[in-house]
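Written below as structure tokens is the structure these notes are about.
Coordinate-derived values only; no laboratory data. Because the structure is a prediction, the values reported are computed rather than measured. Heads up, the Cβs are rebuilt from the backbone with ideal geometry, glycines too, and the neighbour counts pull from every protein chain shown.
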Protein chains: 2
Amino acid sequence: MFNTVLELLKSRNYKAIREIFMDMNEADVAALLQQFYDDHEVEKYELPLLFRLLNKDVAADVFAYMDSDTQMMLINAFTDKELQEIVDDLYLDDTVDIIEEMPANVVARIVKSADAETRKQINQILKYPKDSAGSIMTTEYVYLHRSYTAKEALDWIRHVGMVKETVNTLYVTENRKLVGVLSLLDIVTADDNDKIEDIMEDNVISVDTLEDKEYVASMFSKYDFLSLPVVDRENRMVGIVTFDDAMDVIQDENTEDFSKMAAIAPNEESYFRTGIFKHAKSRIVWLLILMISATITQIITNRYEAAFAAVPLLVSFMPMIMDTGGNCGAQSSTLIIRGIALDEIHFSDFFKVVFKEFRISIIVSSVLAVVNGVRIYIMYQHKCDYPFMLALTIALSIIATVILSKVIGSMLPMLAKKCRLDPAIMATPLITTIVDCCSLFLYFNIATIVFSHIGIL
Amino acid sequence: MFNTVLELLKSRNYKAIREIFMDMNEADVAALLQQFYDDHEVEKYELPLLFRLLNKDVAADVFAYMDSDTQMMLINAFTDKELQEIVDDLYLDDTVDIIEEMPANVVARIVKSADAETRKQINQILKYPKDSAGSIMTTEYVYLHRSYTAKEALDWIRHVGMVKETVNTLYVTENRKLVGVLSLLDIVTADDNDKIEDIMEDNVISVDTLEDKEYVASMFSKYDFLSLPVVDRENRMVGIVTFDDAMDVIQDENTEDFSKMAAIAPNEESYFRTGIFKHAKSRIVWLLILMISATITQIITNRYEAAFAAVPLLVSFMPMIMDTGGNCGAQSSTLIIRGIALDEIHFSDFFKVVFKEFRISIIVSSVLAVVNGVRIYIMYQHKCDYPFMLALTIALSIIATVILSKVIGSMLPMLAKKCRLDPAIMATPLITTIVDCCSLFLYFNIATIVFSHIGIL
């Protein structure tokens with residue numbers, strides 16, 4: 001598709017391009033234009049040219065689907081009149097999303113292009129805190145009066161429906177207070193003279209403007225809503241959050257958790273759009289913290305120099321013991337972190353969870369200890385003087401390490417949550433570092449006991 | 001809430017419970033009943049009793065929101081007539097979801113309770129492969145003929161709308177082939193005599209019945225659809241996937257990725273509902289594989305016994321070098337795995353990605369090497385005879401390890417994808433094990449070269 005359009009562009013066959021665009025979904029056109037932005041061989045003036053070939057009624061939709069770099073490039077190429085047309089056609093929450101990514105001079109141009117009413121609403125949404133329900137809502141919803149008949153309501157929807165973001169769910173307000181909710185289908189299937197207040201549902205679930213957006217998104221998963229009303233402290237309706245914004249929040253939240261769990265500072269830009277210095281910066285902080293804390297393993301190991309001087313073979317099992325501990329701890333902490341994120345595990349389950357992990361670790365560690373003990377005994381039977389003691393040391397160390405790392409791995413995320421920290425930081429990297437210290441300490445102590453017993457240490 | 005209802009239940013005040021239920025959202029009632037199922041002090045017959053207090057028109061909805069254990073318990077308590085009423089009221093895709101979790105005898109009872117038409121449709125959906133679009137679709141959608149007028153269409157919707165899962169998006173078919181799509185609002189705002197074919201959008205995006213459900217879910221994120229039509233090979237429409245099912249797929253997929261990335265076999269049950277043996281089983285396989293592969297680190301370490309016999313301090317830096325390598329590799333592989341999952345990174349970007357990670361690793365490793373080199377020089381200045389050589393060895397090893405682990409960490413997920421493996425398996429645990437071998441090998445080699453140079457080795 002890209003190459004076809006590029007060919008047509010070179011031969012100046014704009015009519016053909018226009019027809020191709022007309023047959024495509026807005027999101028696909030946006031992705032295609034994005035490719036033109038990313039391709040360095042395309043002249044920069046050609047993207048605005050392509051954009052102007054779009055039908056007026058889809059241009060704003062296509063614009064909303066593009067990423068912020070491309071949007072900025074286009075805004076800079078637009079005349080004031082073009083920008084005004086786009087801003088007129090954009091849904092309010094998309095306008096706000098765009099504004100949030102732009103530098104101040106571009107924001108000023110966009111706000112100037114909006115009409116007075118839109119400008120007021122943009123400013124209202126922008127003043128909510130970054131991760132609040134208010135910041136992701138739109139003020140473009142359809143409200144009805146409870147005294148309307150179904151017919152009056154339909155007439156009102158016909159009148160205002162086309163410029164609002166969603167009309168599938170309608171809200172009933174009285175003195176700006178939210179009193180009911182109903183679907184477009186409820187109105188369509190009602191008799192003309194039925195009163196709205198008789199067909200509406202009056203138990204309305206709503207969220208406060210300051211509610212955390214991740215909590216709001218989780219309500220969409222739970223209740224399967226298409227949209228969710230946002231109200232202020234006095235239960236006055238101020239906007240709605242739509243399901244597509246909730247889906248974006250869920251995906252962003254998951255991406256953020258994946259980053260944090262790999263000890264990377266979260267970053268809202270995509271992989272390729274982030275420069276190497278920004279990438280390096282977001283990774284280096286945690287690496288430094290983890291490295292410095294590794295000083296503790298260094299001190300522990302130093303203290304047991306006598307043990308591995310007498311039994312040098314002990315050193316070669318250090319990586320295996322440490323990795324097993326790290327992996328076991330990571331398994332537990334990941335499951336608990338995910339459980340907390342999905343609201344399945346709470347701090348009140350603390351002892352239940354730790355006890356469960358303890359029992360699991362007994363099963364897991366027994367199997368690993370037996371398999372490894374046997375393997376080591378067979379491998380070192382003829383190669384060293386004390387194969388049984390070596391196998392026993394490793395097997396006991398595995399049991400101690402696995403149990404300890406699973407218990408620590410399950411406790412720390414819940415404790416983090418309790419201390420109002422993000423449980424995701426208690427993931428693999430930090431758990432590995434903490435567990436390393438413990439497992440080496442256990443390993444060398446067990447080795448010292450076993451080998452002193454046979455007089456080697 | 002739980003305690004209130006429990007009190008009322010004990011005092012047999014069923015009327016009050018009924019009123020409480022009437023004021024609650026169906027999902028919340030389901031969560032409450034779930035608590036009664038989970039609470040061991042509640043008698044088992046009390047759950048069916050509570051369920052029977054629900055209004056007939058919400059009972060099926062509440063039932064659909066419960067988890068499969070509770071559903072099974074209720075089905076076993078239901079009379080045939082009660083079961084039939086529930087199955088009648090359930091949306092078809094919910095019925096199929098329930099059936100997929102039940103043992104054969106319960107499935108037989110459910111299918112027997114359904115009317116002939118529903119039974120046929122259930123069987124049709126059940127025959128699609130597990131992760132296909134067909135398996136998550138519903139056949140309850142509203143279709144229109146292109147020759148209908150807006151008024152005829154509205155009458156038809158009033159006639160069938162209430163029993164279909166979604167009517168916000170309507171599909172136009174001709175000889176069962178999908179030819180158009182429009183929204184309920186399009187019809188409401190059209191003139192009575194407008195023809196459907198004139199107001200419908202005729203570029204319809206659809207998916208094949210056999211399309212992977214994760215791909216289908218990603219289309220919802222991309223296009224912000226409320227529902228997506230599913231067609232067979234001949235473009236005949238067979239059903240729709242609704243956004244709530246797509247959201248569930250996205251959440252399940254993320255949970256699965258979190259599990260795989262922590263070396264846990266994915267499990268569809270929640271944490272608490274999985275028994276300890278099943279938990280142990282899903283964790284033990286990868287632990288064993290990773291442990292056995294750690295034999296390689298063992299062999300490498302054995303080979304360099306001479307080095308750490310001469311310079312025992314070398315042993316104490318092993319954990320730090322290994323962990324830094326593991327963490328750096330994990331950062332890169334996590335970002336790439338997530339990029340692949342979000343369809344941002346493809347195999348065609350292989351060299352671009354590896355080169356980017358290479359440049360990032362140079363920045364990261366230089367900073368870490370300098371910080372650690374200085375720290376070690378200061379710490380060991382008066383404690384050992386060759387503080388500079390020690391600091392140099394560690395600094396060089398950090399540089400080599402970080403670069404190598406970032407390059408390996410970025411390559412393996414893309415190679416896995418190319419080999420049709422799930423990139424998520426190339427996450428922290430496996431990367432750590434692979435990187436450990438390489439980093440120890442590099443570390444001991446660098447140490448040998450540096451210390452032979454000053455005649456210690």
In whole Å, largest first, the alpha carbons of the range B:174-328 cover along the principal axes 94, 33, 29
From the Cα centre of the range B:50-71 to that of the range A:336-382, the distance in Å is 37
So the angle from the long Cα axis of helix B:243-261 to the longest Cα principal axis of chain B, reported in degrees to the nearest 10, equals 20
Contact order relative to length for chain B, counting C-alpha pairs under 8 Å separated by 6 or more residues, stands in percent at 11
Inter-copy distances for A:Arg146, label 7 Å out on the Cα-Cβ vector, sorted ascending, nm, one decimal, are 4.7
With the label set 7 Å along Cα→Cβ, A:Lys130 is separated from its counterparts in the other copies, in nm and shortest first, by 4.1
Taking every DSSP bridge whose two residues both lie in chain B, the antiparallel percent to the nearest 5 is 75
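Which loop chymotrypsin sites (Phe, Trp or Tyr not before Pro) in the range B:28-67, with loop taken from DSSP, have no more than 14 other Cβ atoms within 10 angstrom of their Cβ?
Here the sparse-neighbourhood loop sites are B:Tyr45.
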What one gets for the range B:336-452 as the Kirkwood radius, inverse of mean 1/r over different Cα pairs in Å, is 15.7
Stokes-Einstein D for the range A:136-241 (4 °C, 1.567 mPa s, Kirkwood Rh from Cα pairs), in µm²/s, comes to 93
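Semi-axes, largest first, in whole Å: what does sqrt of 5 times each Cα gyration tensor eigenvalue give for the protein assembly as shown?
Whole-Å semi-axes of the equivalent ellipsoid: 55, 36, 24.
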Sorted largest first, the Cα spans of chain B on the principal axes come out in Å as 94, 62, 35
antiparallel share of DSSP beta bridges within the protein assembly as shown, to nearest 5, in %, is 75
One decimal, nm, nearest first: from B:Glu268 to the same residue in each other copy, label points 7 Å out along Cα→Cβ, the values are 3.7
Scan of chain B for GluC sites (Glu not before Pro) in DSSP loops with at most 12 other beta-carbon atoms within 10 Å gives a longest site-free stretch of B:44-233
Residues B:Met411, A:Met322, B:Met73 in order from fewest to most other beta-carbon atoms within 10 Å are B:Met73, B:Met411, A:Met322
Computed over chain A: longest principal axis from alpha-carbon atoms vs helix A:104-113 long axis, angle to nearest 10 degrees, is 30
Going fewest to most other Cβ atoms within 10 Å around each Cβ, A:Val285, B:Val315 line up as A:Val285, B:Val315
Nearest 10, in degrees from 0 to 90: the angle of helix A:80-89 to the longest Cα principal axis of chain A is 80
